[in-house]
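Reading through the structure tokens given below for one structure.
All of the numbers you see were taken from the coordinates with simple rules; none came from a lab. All values reported here derive from a predicted model rather than from experimental measurement. Neighbour counts are summed over all protein chains in view; Cβ atoms, including those assigned to glycine, are modelled from backbone coordinates with ideal geometry.
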Amino acid sequence: MLSLTDPRWRTLKGGYRTLYDASGALRRLEQDYDVWEELWGELHHQGDVGEASYAAVPHLVRICRDAPRRDWNLYGLAGLIEIERHRKSNPPIPDWLNADYLAAWGDLEKLALRDLADASERELIQTALAVIALARGQLRLGAFLAWLDEGELAELTEDRLAWSTLYV
């Protein structure tokens, strides 16, 4: 895993395809500061992700692993980075990061499964399910779950759900 003090952070590009040193925000997250808005804004932009986005994922998992409860932002942001990594216009994961990135995804899946056991918030359930699908190679299902919004869920009224008449 790229150390947060490694000078390479200053050479990595984020979601705007410009240099973004995520190490500062990740250190603040370690200290329990709410930096999710910055990370969302800098690590992803309109489908674009970069090497800084990939390098941040192992740290996001490491930092959030020991929290008594994980925020949906962990799953949402990591899932979005994984989805967009497959876009042809985005760079591949650098060779020096590939093993750490994949290991973080293995840990992320375990965390998501653990958090689902007692989750009740829609955002946490939805993003954790998306991460599980992505971790198991189901890119389309993971993307569907990640991008499903509240408006689309609201359209699923009882009369639109074919099975609902069987159980009402």
Remind me, relative contact order of the chain in percent, using alpha carbon pairs under 8 angstrom and six or more residues apart?
18
DSSP-loop trypsin sites (Lys or Arg not before Pro) across the range 1-71, with at most 14 other Cβ within 10 angstrom
ARG17, ARG69
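For the chain, what does -39500 (n - 2.57) per DSSP helix run (n ≥ 4), summed and divided by total residues, give at 222 nm, in deg cm²/dmol to the nearest 500?
It comes out at -18000 deg cm²/dmol, rounded to the nearest 500.
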Got the relative contact order for the range 39-119 handy, in percent, Cα pairs under 8 Å and 6 or more residues apart?
40
Other residues with Cβ under 10 Å from the Cβ of ASP34 give, with Lys and Arg +1 and Asp and Glu -1, a net charge of -3
Expected unfolding gain across TRP147-GLU37 under the 0.36 nm per residue rule, minus the alpha-carbon gap, is 37.8 nm
Under a crude label model (7 Å from the Cα following the beta-carbon direction), how far is GLN138 from ASP118 in nanometres?
2.6
For Rg and Dmax of the Cα atoms in Å, the listed values are (i) 15.3, 50; (ii) 16.9, 61; (iii) 26.4, 99; which was obtained by calculation from the structure presented?
(ii)
